[in-house]
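These notes are about the structure you will find just below.
The values are calculated or read from the model by the stated rules, or taken from the named source; none is laboratory data. The model shown is predicted, which means the values in this text are computed figures rather than measured ones. Using ideal geometry, Cβ is built from the backbone for each residue, glycine included, and neighbour counts are taken over all protein chains shown.
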Amino acid sequence: MKLMEPTMELDREIQDFRREFLKAESSMDGCGPLRHYEKTADWLAELEVCKSPKTVPADRVPAVQYVYLRESDKRVVGMIQLRYCLNDYVSKYAGHIGYSVRPSERGKGYATQMLRDVLPLCPALGLYRVLICCKVENTASRKVILKNGGIYDSTVTEPRRGVRLERYWISL
């Protein structure tokens, strides 16, 4: 398995990943705005803008996007986003890290390992304690967070959609 920033070389895999989520009507947490981009090049351009505090749109926070690539068949099995600055909304309802595993690859331990692989990258961005949130009913994500050292903080209700979220902190 390889954690890497997405590139156009993965165009077909990224779009296949996107289509699988759309077909399953599954949320694409930690994928940035991929849901809205039919062209990988446009999504990559958006990710580049969002990497820097100087260029990120006012309603977004700076973030680095990664894909989790199974090297044996070059399949993107997951995506994870590392947000290294937080605004008021993200600090309450999203956290520093968001992730998703494609529906056909769930239950294989990829999310646990993907999160484990991204945590060592956090100190280079000045993060020594990270916040991760998951929906109350998302037992699988809760287990991933706990297996990576997550400590429960609180449960909050996101006001726009009324979603109940559990907040966890991981110290690095």
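For every residue, the table says whether it meets (1) in contact with a strand residue (DSSP E or B) (Cβ under 7 Å, 6 or more places away or on another chain); (2) over 17 Å from S100 (Cβ atoms).
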{"residue": "L131", "(1), (2)": "yes, yes"}
{"residue": "V136", "(1), (2)": "yes, yes"}
{"residue": "T139", "(1), (2)": "no, no"}
{"residue": "L146", "(1), (2)": "no, yes"}
{"residue": "D153", "(1), (2)": "yes, yes"}
{"residue": "E158", "(1), (2)": "yes, yes"}
{"residue": "G162", "(1), (2)": "no, yes"}
{"residue": "R167", "(1), (2)": "yes, yes"}
{"residue": "I170", "(1), (2)": "yes, yes"}
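If I filter the stretch 40-48 for residues that are out of contact with any helix residue (DSSP H, G or I) (no Cβ under 7 Å at 6 or more places or on another chain), within 19 Å of W169 (Cα to Cα), of a type in the set (D, E, K, R) and assigned to a helix (DSSP H, G or I), do I get at least one hit? Checked the stretch 40-48: no residue is out of contact with any helix residue (DSSP H, G or I) (no Cβ under 7 Å at 6 or more places or on another chain), within 19 Å of W169 (Cα to Cα), of a type in the set (D, E, K, R) and assigned to a helix (DSSP H, G or I). The single residue among I151, I170, I97 that is in contact with a Phe, Trp or Tyr (Cβ under 6 Å, 6 or more places away or on another chain), among the β-branched types (V, I, T) and modelled with pLDDT of 95 or more turns out to be I151. Here the condition is being exposed (fewer than 12 other Cβ atoms within 10 Å of the Cβ) and either at negative phi or under 17 Å from the mean Cα position of the chain (by Cα) (or both); of D88, D29, D16, D11, it holds for D88 alone. Right, G78: surrounded by 15 or more Cβ atoms within 10 Å (Cβ to Cβ), touching a helix residue (DSSP H, G or I) at 6+ places or on another chain (Cβ under 7 Å) and of a type outside the set (D, E) or not? Against the criterion (surrounded by 15 or more Cβ atoms within 10 Å (Cβ to Cβ), touching a helix residue (DSSP H, G or I) at 6+ places or on another chain (Cβ under 7 Å) and of a type outside the set (D, E)), G78 qualifies. State which residue is nearest to V67 (Cα to Cα) when the search covers only the stretch 22-31 and only residues that are touching a strand residue (DSSP E or B) at 6+ places or on another chain (Cβ under 7 Å) and of a type in the set (A, V, I, L, M, F, W, C). So, considering only residues that are touching a strand residue (DSSP E or B) at 6+ places or on another chain (Cβ under 7 Å) and of a type in the set (A, V, I, L, M, F, W, C), the one nearest to V67 (Cα to Cα) is C31. With the condition kept exactly as written, say whether any residue in the stretch 92-112 is free of Cβ contacts under 8 Å to residues at least 24 places away in the same chain, among the acidic types (D, E) and over 18 Å from Y168 (Cβ atoms). Checking the stretch 92-112: not a single residue is free of Cβ contacts under 8 Å to residues at least 24 places away in the same chain, among the acidic types (D, E) and over 18 Å from Y168 (Cβ atoms). Within the stretch 121-151, the set of residues being surrounded by fewer than 14 Cβ atoms within 10 Å (Cβ to Cβ), part of a strand (DSSP E or B) and of a type in the set (A, V, I, L, M, F, W, C) comprises just one member, I151.
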